[in-house]
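Taking it in order: structure first as structure tokens, then the write-up.
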Amino acid sequence: GLDGRPITYRTDKNKTGKRLFRMRWANPNLHKDKHGNPMKYASPYQSGSHLYIPNHIIALFKKGLPFSTLIICEGEKKAEKLCRHGFNAVAVMGIHNFATGGDMPYQFEQLIKECQVKNIVFLLDSDWQDLSLKSGKSVDQRPKTFFSAVEKFQRYFKAYRLTGIELELYLAHGKDPVYKGIDDVLVRQLKKKETKLLEDFNAAVLDREGQ
């Protein structure tokens, strides 16, 4: 959490609260979900969807240091990698949880107010619009899910205007399918040239076409 303490969750059987954890499986094929699909990440049953906040962001929040742009990405490792190279980023656990889950994480409001955030960027992977050929599923399920997540993102942050907070909202996504996530771009495509991404990002915000 933003206070630097572990996040806890409650279940139907445990009302006192358990400590949240996330598991990144080294071999997803050995860990299948109820539909038989490999799982990269796993969380405890009924633990809900939470915001991942890197220590870099926690430190800014505790000191009350302002920053203009907050990036929201999918996956903890992406947020950590971005923070190492000059960005300020947090992560949602997964687009499916984000699109279909309940309330937005309460930490967003705390961060925006305490750190005087002006710009919010929702960052998607390059495969956000890929069609799926899995048996029993609609081929356009993936882009529809991402659309729902973006729509929810837009509605939520636009509503801050009702409290007198004006936010600029941006949508970004990977362009090269060879590099699925922003962490792939930084680790592989821009290795030892990571500062180029921050320069390019700042230029894209001002660019007429947003490129």
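Note that the range 1-126 carries a Kirkwood radius of 15.8 Å, evaluated over its alpha carbons pair by pair. For the range 143-190, pairs of C-alpha atoms spaced more than 12 angstrom apart make up 71 percent of the total. Here the range 1-112 has 50 percent of its accessible surface on carbon and sulfur atoms, given a 1.4 Å probe and all protein chains in place. Plainly put, the range 1-74 has a radius of gyration that is 1.06 times its Kirkwood radius, both from alpha-carbon atoms, as the Rg/Rh ratio. Rounded to the nearest Hz, the phi-derived 3J(HN,Hα) couplings of the range 148-159 under the Karplus curve 6.51 cos²θ - 1.76 cosθ + 1.60 (θ = phi - 60°) are 4, 5, 5, 4, 5, 4, 5, 4, 5, 6, 5, 5, where x marks glycine and proline. Between the amide H of HIS31 and those of MET39, distances stay under 5 Å, these residues lying 5 or more places away or on another chain, with hydrogens modeled in the peptide plane.
Near THR8, the amide H atoms lying under 5 Å from its own belong to LEU20; only residues 5 or more places off or on other chains count, and H is placed 1.01 Å from N.
Protein heavy-atom accessible surface, 1.4 Å probe, per residue over the chain: 63 Å². Entry note, the range 1-58: relative contact order of 36 percent, from Cα contacts under 8 Å with a spacing of 6+ residues.
Here the simple spin-label model places points 7 Å from the Cα toward Cβ, and for TYR9 and LEU206 these points are separated by 4.2 nm. A straight Cα-to-Cα reach below 18 Å connects LYS191 with the lysines LYS77, LYS78, LYS81, LYS175, LYS180, residues fewer than 8 places away in its own chain not being considered. Taking only the C-alpha atoms of the chain, the Rg (one decimal) and the largest Cα-Cα distance, Dmax (whole number), read 17.7, 53 Å. Which whole-number percent is the relative contact order of the range 72-211 (Cα, under 8 Å, 6+ apart)? It comes to 26 percent, rounded to a whole number.
Projected onto their three principal axes, the Cα atoms of the range 108-211 cover extents of 47, 40, 27 Å, largest first. Each residue of the range 75-91 was assigned a 3J(HN,Hα) from its phi angle through the Karplus expression (A = 6.51, B = -1.76, C = 1.60, θ = phi - 60°), giving x, 4, 5, 5, 4, 4, 5, 4, 5, 6, 10, x, 8, 10, 9, 10, 9 Hz with x at Gly and Pro. When the Gaussian network model of the chain links Cα atoms closer than 10 Å, the mean-square fluctuations of LYS191, LYS144, LYS15 top out at LYS15. Take every DSSP beta bridge with both residues inside the chain and express the antiparallel ones as a percent of the total, to the nearest 5. Expressed as a percentage, antiparallel bridges in the chain total about 35.
Taken about its Cα centre, the range 137-197 carries a charge dipole of roughly 200 debye when the Cβ of each Lys and Arg holds +1 and the Cβ of each Asp and Glu holds -1.
The values are calculated or read from the model by the stated rules, or taken from the named source; none is laboratory data. Everything numeric in this text was worked out from a predicted model, so none of it was measured. A quick note on method: Cβ atoms are made from the backbone with ideal geometry, for glycine too, and the neighbour counts reach across all protein chains shown. Side chains included, ligands, DNA and RNA excluded: accessible areas come from the protein's heavy atoms. Shrake-Rupley method; radii C 1.70, N 1.55, O 1.52, S 1.80 Å.
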